[in-house]
1. Among the listed residues Val421, Val414, which satisfies the condition of being touching an Asp or Glu at 6+ places or on another chain (Cβ under 7 Å), closer than 23 Å to Gly450 by Cβ and of a type in the set (A, V, I, L, M)?
2. Take the stretch 349-372 and flag every residue that is over 15 Å from Ala330 (Cβ atoms) and touching a strand residue (DSSP E or B) at 6+ places or on another chain (Cβ under 8 Å).
3. Residues Ser121, Ser81: which one is in contact with a strand residue (DSSP E or B) (Cβ under 6 Å, 6 or more places away or on another chain), on the phi < 0 side of the Ramachandran plot and in contact (Cβ under 8 Å) with a residue 12 or more places away in the chain?
4. Being among the hydroxyl-bearing types (Ser, Thr, Tyr) and in contact (Cβ under 8 Å) with a residue 40 or more places away in the chain is the requirement here; does Thr282 meet it?
5. Only one of (1) farther than 25 Å from Pro147 by Cβ; (2) in contact with a Cys (Cβ under 8 Å, 6 or more places away or on another chain); (3) open to solvent by 20 Å² or more (accessible area, probe 1.4 Å); (4) not polar (S, T, N, Q) is not met by Gly384, so which one is it?
6. Looking at Leu334, Leu319, Leu328, which one is under 20 Å from Pro404 (Cα atoms), aliphatic (A, V, I, L, M) and at pLDDT 95 or above?
7. May I ask you to list pairs of residues, at least six apart or on different chains, whose Cβ atoms are under 9 Å apart, with the first in the stretch 64-77 being more than 10 Å from Arg51 (Cβ to Cβ) and the second being of a type in the set (D, E, K, R) and open to solvent by less than 20 Å² (accessible area, probe 1.4 Å)?
8. Have a look at Phe370, Phe361, Phe422 and point out the one that is of a type outside the set (Gly, Ala, Ser), open to solvent by 40 Å² or more (accessible area, probe 1.4 Å) and not in a strand (DSSP E or B).
Amino acid sequence: MDAAIQAETMTYQERIDALRATKLAQTREKQQIIGAMDHDDHGLILPPPDRRRIVRTMSSSGMPITDCLLEGFAIESNHPSGGFFGPRAVGENYGRLLRTHPVYIDPVSSLAGGYHVNFMSYRKPHWNPDLDFSFLKPEIERYKLLPGIGAAQHFCQDLQIGLDLGWGGILDKIRYYRSVHGPEKDDFYAGLEAIVTGTQNWIARHAEEAFRLALAETNAQLRQNLMEISQINEYLVAGPPRTFREACQWILWYQMLARMYNGSGSLGRLDVFLQPYYERDTAAGILDDEEAIFHIACILLRDTGYIQLGGPGPDGSDLTSRVSYLVLEAGHRLKIPANVGVCVGDMIDPGLLRRGVEILFADKTGFPKFLGSDRTVEGFSRRGYPVELARQRAYSGCHWLAIPGREYTLNDCVKINFAAVFEAAWKELFSGAEVPSVQQLWERFVYHLGQAVDATARCLDFHMANMHQVYPELVLDLLCHGPIEKGEDASHGGVEFYNLCIDGAALATVADSFAALEQRIEQEQRLTWEEMKAHLDSNWAGADGERARLM
């Protein structure tokens, strides 16, 4: 550790600055070893040098990448392909990874933990080859679909379940319902239990290491911090959080657990979850705003989780609180990427918007984002849901929301390539004997779009029927309403609501193509179809790069 840090008592801002410097150094190391990343930097820290295994492999999207695996850990396969499938095999393998995962403690941080590997990297192959969907592949290829088969996470757990129960309470709940449902669903509960006990082992080893580090630490401030980390985590192995700092530590453990499992980044309404702890601790005189900002910054440091600030409650009242502002301030002081969204609406505190804009212009880091709450609620309600339910949806991903713990979605995972649909219509139009027209092109486009939608629906049906036996949502299942009680994965009937949407990729290309045709027809009343075809073929060629990217 830097001698200057050892020699003095640091302010909270000085500690934040030191943590940020460490974070930047870790990111530079990743860039040097792994190379450029065409994806979010979620906060993964490379394992210690003696535990690193650098490999060249293929990503789940078929792109060559450099990956880092954990030396000393290997999955146990339950299939001739060498893969591992089903809740028991997945849960037990992940539990074993947690038990062998290195301890990471920065004595400057108030929170323990850091994650070193992505469990998804061990999924080779990603899909069980016994569950054949080759009958769907012709249409997947024809329309260049991203069909959603095998897609993971992209919904939102309810952190309140974990904050209320703690890991010990969650384990008791699993064991109770395991006894209720009997052998038929034993694999599902075995997988859940393996993850929880693995998590408890992970946390306990951090408590032990923090105590060991405290005994050797010569700086009084850091020694006290390490002792507190040890005591907090020793308690959190089983107990639910009691204080603001304990709640931050519990949330961080869950967030790292979910991110490492399948890339899940949803946190939801962090200000709402932390507000009761803030009120109790400040009333008791054991917490002030500077300390609260520091603990929140230590969460943001470790992962770029999706967080909503403010927004309506079920009754329409504004949930903006003092903690909403403290989260903004923590991100402002830390100045690293953070997916924090500030709600904007007619009934929402305008001061939160103003502060968010001030920070956005002051820092120039793209933080925070802004969420149009009123229109989002209206849009969901138009699908027939009560407005009270629509208001409960929380910002949970790149550009989407979900009802925490109650709604399974595959937002952002399912796409129809409108350009490929248009191409199918275009080629069919000129392969026939009829004299072509714009109307005929439009009719064929509508037909092929319907075929693409139907094909996507069949793919989603296949996913929903089989995903729970391939790679179930075990970590998110822990904090959802229904999976533990029913013995069913969230992808297979475990939760209450299922909203599976479709993104339309390259829609602008298609719109431009039709617009170009109409414009040329207006300009040249006697334009021949051969001229139109040549013009549109040229226009189409300009979109090849975008089409290739989407494929």
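1. Just a single option satisfies the conditions, and that option is Val414.
2. Selection gives Asp349, Leu353, Lys369, Phe370, Leu371, Gly372.
3. Exactly one residue qualifies, and that residue is Ser121.
4. Judged against the criteria, Thr282 is not a match.
5. (2) is the only condition that Gly384 fails.
6. Going through Leu334, Leu319, Leu328 in turn, just one is under 20 Å from Pro404 (Cα atoms), aliphatic (A, V, I, L, M) and at pLDDT 95 or above: Leu319.
7. The qualifying pairs are Ile75/Arg123.
8. Phe361
The values are calculated or read from the model by the stated rules, or taken from the named source; none is laboratory data. The shown structure was predicted, so the numbers you read here are calculated from the model rather than taken from an experiment. Methodologically, a virtual Cβ is constructed for each residue, glycine included, from the backbone with ideal geometry; neighbour enumeration extends over all protein chains shown. Surface accessibility is based on the protein's heavy atoms, side chains included, excluding ligands, DNA and RNA. Shrake-Rupley method; radii C 1.70, N 1.55, O 1.52, S 1.80 Å.
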